[in-house]
Structure formats: structure tokens, C-alpha cells
1. May I ask you to list the residues in region 122-135 that are open to solvent by 10 Å² or more (accessible area, probe 1.4 Å) and within 19 Å of CYS271 (Cβ to Cβ)?
2. Quick check on region 285-334: of everything there that is assigned to a loop (DSSP other than H, G, I, E, B) and of a type in the set (Ser, Thr, Tyr), which residue is surrounded by the fewest Cβ atoms within 10 Å (Cβ to Cβ)?
3. Are there any pairs with C-beta distances below 9 angstrom linking a residue in region 269-280 that is open to solvent by 80 Å² or more (accessible area, probe 1.4 Å) to a residue that is of a type in the set (A, V, I, L, M), with the two at least 6 apart or on different chains, and if so which?
4. How do the strands (runs of 3 or more DSSP E) wholly within region 134-250 filter down when requiring 3 or more residues that are touching a helix residue (DSSP H, G or I) at 6+ places or on another chain (Cβ under 9 Å) and within 16 Å of the ligand (Cβ to nearest atom): which remain?
5. Looking at region 251-284 only, could you name the residues that are part of a loop (DSSP other than H, G, I, E, B) and of a type in the set (A, V, I, L, M, F, W, C)?
6. Would you confirm whether any residue within region 111-125 is within 16 Å of the ligand (Cβ to nearest atom) and of a type outside the set (A, V, I, L, M)?
7. Failed condition for ALA157, given (1) on the phi > 0 side of the Ramachandran plot; (2) in contact with a Leu (Cβ under 9 Å, 6 or more places away or on another chain); (3) surrounded by 22 or more Cβ atoms within 10 Å (Cβ to Cβ), with all others met?
Amino acid sequence: MDTIHVTRPSMPDYDEYCREIQKLWDSRRLTNMGPEHEALRAALEQYLGCPHVVLHANGHLALENTLAAMGLPRGGEVITTPFTFASTTHAIVRSGLTPVFCDVEGDAFTMDPGKIEALITDKTVAILPVHVYGHVCDVAAIDRVAKAHVLPVIYDAAHAFGVRYKGVSAVNFGDAAILSFHATKVFHTIEGGAVCLGREDLAARLDDLKNFGIRGPEQCAVPGGNAKMNEFQAAMGLCNLRHVEGEIAKRGRLAERYRRNLAGVPGIRLCRPQKDVTPNFAYFPVLFDGFRASRDAVCDALAERHIMARKYFYPLTSRFPCYAHLPTAGRSSTPVAAYAADCVLTLPLYADLAAEDVDRICEAILACGK
Ligand SMILES: Cc1ncc(COP(=O)(O)O)c(C=O)c1O
């Protein structure tokens, strides 16, 4: 029996990718913001309705460079959530800043805006919420708190490619939003990422930071690093972008099938679709709370049948040993996030997953503990 992984990259047609990269053999222009990079940047600015999309080698460097471009003072505190991938918290720490963990709310598992204000001190320099699973944060409420305290908001939108809130792409909220184009994402460039933003000056600073600060053959403006997206990555992006709407639609049909199969089962909680949100179906998280088998037992039972569900996101990043010293790292600081981390299992979901496999996965879950 073939293993079903939690995700599987979408691939363009092989010939389509070959046609796209053929140009690179002709031009020998392999990286350094070549034509493929520029074509992808323009196409994404249009698709996302975003004034500036600064492409990066990956989402993590996009996040680190955004924190640097904002000029946040070292030692400052950044309010964020621990119910996320390691990258979010690591980027804050690697930028010389201190994460302050805010709890999430109990349905979408995004930052609870009602709990931000109590965490603001005279050291707070930014708010960094996560559109986790592609669920859109309460952007209006977060914006109100941020404005009242004159704090920038940087969204980790790594999961939110193609998501819209009231018709507007989710990347257009806050001062900046970062995307990941990792192979496992709804839209990918093998590895890759971007910063999406409205401010031209910040976009120019990011262009510096991702290319050693080089502005010309004899001019190096700032101590930047290397986070350039190469032409092969951009070519993959151009191909995948042509098909992304179809891939999201396929994911949506599979998510609907999961919902039909699992709705109403005692002890299984599904996330409610969000009002005014056009989703991207990046993940299918399920909470086991009072089900006849524990989350861990379900995960093990699925693995025995070669179905690789994942405990996204367990443990909370605040529970990593390297963050144990932080005042907000304890479970009691973020009880809802702790609950979610203990109960959640993300089921396999990708565009070419067979509908029959969704049924098989659900049957395996329902057989647990019987
Ligand atoms: C929430 C979140 N933030 C940041 C990243 C980092 O993105 P990348 O893997 O492209 O560096 C990821 C990657 O999965 C992520 O899930």
C-alpha cells in the first residue's frame, strides 16, 4: 500500500517547466533578479493585488529581512503566537528581539486580539501574528490595538497564499506580510518566499537586504545578506501560478469530503469556515477532544496504515527548550494554544489526493478505539 503523506507538492506539466527553463540555457542568466524573477514578481503583484512583492529565497529569510528592514531596536519585544511553525519564533530571536507569547482564540487558532494589550510594555516594538492554516487573523481588531500603541504589524502569512478577506488578498493587511513558497505550500517555487507590502521605501530596503546591500558595481549601501530567489525557482513559480486556482479548487472539494465524512462525530471538532474569507484549503486540521481515542492514538493508528497525518502545531514553539526561559513560555500564558497543540491533527490534503483516499483516512479514524 502506498504511503499517503500529509502533503505532496503540486507539479506543473514536465514539458511546461522545461519550456520555461529552456530560456535559461540560452541566456545563462541563472539568478540575480533575471527575467524569470521579474516576470514572477510582476505576476504576483497583480495576482495578490499588492503594490510590492519582494521575492526571497525562502519564507524564513523574508521574515528575518522584514524585521531588519523595519529597523526594530535590538532587545525589543515582539508579541506573537506560539501556535505556529518554528520559523516564526526563530526569526524574532535571530533578529535580536524577544518573543512575547500571546494566546490564540479558540476557533481559528489565530492571535486573540483581546489578549494583546495586557502584553504591551515600554519594550514592545511590533506585533507578529500568524494566519495559521490560512485562517485570517482578526485583522481589524489587531489593527486597532496596533494603532492605539503605534506598533507595526507584520503578518506571517506563510500559509495564506490565495486567501482573501472581504475580497482582498490576506497579504494586504498590516505593515507587511510574508509568504512561504516552500514545496509543501499551496503555491510553491520549490523553496521560496516573499514580503508583500505597500511601502516603497521598505521594499527598497528589502531589495538591499536580500542582495548584500549592492546597488551598483561600485556601490554597497548596507550590510545585507543573500536571500535572492534564483531563476529556476521563479520559473517553477510562473508555471505553478498558471494552475493555482485549479489546485485550490481541487483541495476545496477534498476538504468538503472530509467535512461530510467527519461532521457530527462526537469528540471530533472541525474548524468552522470563516465569515467573509475565501479559503485556500492549505491544511485540514481536526481536533480530538473527548473522542474515544486520543489524538496521539489516532495519529499512531493512521501511521500503521501508512497514513502520515501530522501534529501541526505540536509542540508550541514556546515549549522548545531554547525558549523555556521566557516569561510567557509556560502553558498557563497561552492555555488555548496549549489545548490546540494537544488535540490537533492535520490530515493529508493536497490537490491530487484521491477522493477514495479521503474516505479511507476517515474510515481509519472512525475505526479508532472501537
Ligand atoms: C508559519 C510559517 N512561517 C514561516 C515559514 C518559513 O517558510 P520557509 O519554509 O519558506 O522558509 C513556514 C514554513 O513552513 C511556516 O509554516
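1. HIS135 - this is the single residue of region 122-135 that is open to solvent by 10 Å² or more (accessible area, probe 1.4 Å) and within 19 Å of CYS271 (Cβ to Cβ).
2. SER294
3. ARG272/ALA108
4. 154-156, 176-180, 193-197
5. ALA263, VAL265, CYS271, PHE281, ALA282
6. no
7. Checking ALA157 against (1) on the phi > 0 side of the Ramachandran plot; (2) in contact with a Leu (Cβ under 9 Å, 6 or more places away or on another chain); (3) surrounded by 22 or more Cβ atoms within 10 Å (Cβ to Cβ), the one that fails is (1).
The values are calculated or read from the model by the stated rules, or taken from the named source; none is laboratory data. Computed from a predicted model, the values in this text were never measured in an experiment. FYI the Cβ positions are ideal-geometry reconstructions off the backbone, even for glycines, and counts take in every protein chain you see. Side chains are part of the model used for accessible areas, which takes the heavy atoms of the whole protein and leaves out ligands, DNA and RNA. Shrake-Rupley method; radii C 1.70, N 1.55, O 1.52, S 1.80 Å.
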